[in-house]
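Encoded as structure tokens, the structure appears first; notes follow it.
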Amino acid sequence: MADLRSLYQEVIVDHTKSPRNFGVIDTATHHAEGYNPLCGDKLSLFLKINAEHIIEDIRFIGEGCSISTASASLMTETLKGKDLDHATALFHAFHHMLTHDGDCPNDLGKLAVLSGVSEFPARIKCATLAWHTFEAAIANKLAAVSTE
Ligand code: ZN
């Protein structure tokens, strides 16, 4: 377990130092801002979703602690190319892992590196900020569409 933990730690440090998909999408179809006041993490998330509900591109900018940055980086890497149903299922699985002692219900892939966060309840919001922002981005657009 110690080896696995240090491997997980390495991946988190790597994603914190060099976040993947960091930047803005000028032609984004979905966008939302996220803020975690408990820690001060801020995040802007941009998505480009096509007519088949596939996430063609996903990027973020923001400032936050290492957990929030690594989680946003890992989320964008994981969600790129996925359809929205799959993305929502991954969010639920990820959330389950963090609130059930790191138990991985599905194949979360690299997202499992954040399982240790479940031991630090105060940091769970750091790890889920990007995902809540993703959910808000999707909901915003759908709400806007339904009133048209
Ligand atoms: Zn944080």
Quick one: putting +1 on the C-beta of Lys and Arg, -1 on the C-beta of Asp and Glu, what dipole do you get for the chain around its Cα centre, in Debye to the nearest 20?
300 debye
For segment 69-84 and segment 86-105, write down the distance between their C-alpha centroids in whole Å.
14 Å
Tell me which of 132, 78, 22 sits at the most positive position along the dipole axis of segment 2-146, charges placed on C-beta atoms (Lys, Arg +1; Asp, Glu -1).
22
Expressed as a percent, the accessible surface of the chain that is carbon or sulfur, using a 1.4 Å probe and the full set of protein chains, is 54 percent
Residue-normalised value, i.e. accessible area per residue, for the chain at 1.4 Å probe, in Å², stands at 53 Å²
Order of 44-52, 7-15, 64-72 by packing, highest average Cβ count within 10 Å first?
64-72, 44-52, 7-15
Relative to the compact-globule scaling 2.2 N^0.38 Å, provide the ratio for the alpha-carbon radius of gyration of the chain.
1.01
Loop-only trypsin sites (Lys or Arg not before Pro) in segment 58-115, please: DSSP not H, G, I, E or B, and at most 14 other Cβ atoms within 10 Å.
none
Just how much of residue 99 is accessible, in Å², when a 1.4 Å probe is used and the result is rounded to the nearest 10?
70 Å²
Counting pairs of Cα atoms in segment 4-69, how many percent are more than 16 Å apart?
55 percent
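The values are calculated or read from the model by the stated rules, or taken from the named source; none is laboratory data. Everything numeric in this text was worked out from a predicted model, so none of it was measured. With ideal geometry, Cβ positions are generated from the backbone for all residues, glycine too; neighbour counts draw on all protein chains shown. Side chains included, ligands, DNA and RNA excluded: accessible areas come from the protein's heavy atoms. Shrake-Rupley method; radii C 1.70, N 1.55, O 1.52, S 1.80 Å.
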